[in-house]
Amino acid sequence: MTSDGAEILLLFLPLLYQLFAMTDMTDTNNCPCHSGRPYAECCEQLLSGAHPASTAEALMRSRYTAYVVRDIAYLLRSWHSSTRPDTIDPAAIPEWRGLHIVRIEKGMESDCRGVVEFIATSFSRENVWRLHEVSRFVQEEGQWFYIDGDIRDDPFPGE
């Protein structure tokens with residue numbers, strides 16, 4: 001992004017922040033994972049434990065939603081024991097406002113491993129953050145788990 005473009009973006013950040021702050025990310029009509037499905041028919045079923053994730057993508061989307069609603073118990077439960085941290089500080093979680101799936105590699109119901117590449121976006125009054133990650137998942141005994149991910153440090157388009 002050019003310096004002029006960055007200056008223009010900085011001028012609009014407070015407005016963008018207010019717009020996104022007014023959005024209820026757990027609205028029953030829209031799942032926070034941006035699947036286009038109602039929350040009650042999408043990630044809520046996974047976070048509540050009513051159903052396990054059927055694919056690596058479903059687990060990734062549900063974990064994104066868990067970060068949005070700060071469901072630490074679900075995040076830890078869905079993290080593979082070999083890489084799971086002892087705890088997650090909810091205060092360190094940004095206000096996630098957007099999710100884009102870049103690609104999916106395997107990770108279907110019949111697979112034992114999968115990869116999901118995604119970009120998550122967060123806004124604050126002062127900044128826009130973008131997390132670009134290639135996440136790895138494993139399925140054990142019919143349950144998908146997040147293993148780890150590689151963070152991509154790419155600039156915004158045009159930078």
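Please treat every number below as a calculation from the coordinates, not as lab data. If you're wondering where the values come from, they're calculated on a predicted model, not measured in any experiment. For neighbour counting, all protein chains shown are included, and Cβ atoms are generated from backbone atoms with ideal geometry for every residue, glycine included.
Data for the structure
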read-out: Label-point separation in nm, Asp86 to Ser54, each point 7 Å along Cα→Cβ; value: 3.9
read-out: Prolate/oblate/rounded call for the stretch 23-138, Cα gyration tensor, a/c under 1.5 rounded; value: rounded
read-out: Packing-based order for 63-72, 113-122, using average beta carbon neighbours within 10 Å, highest first; value: 63-72, 113-122
read-out: Nitroxide proxy distance, nm - points 7 Å out along Cα→Cβ at Ala73 and Glu95; value: 2.6
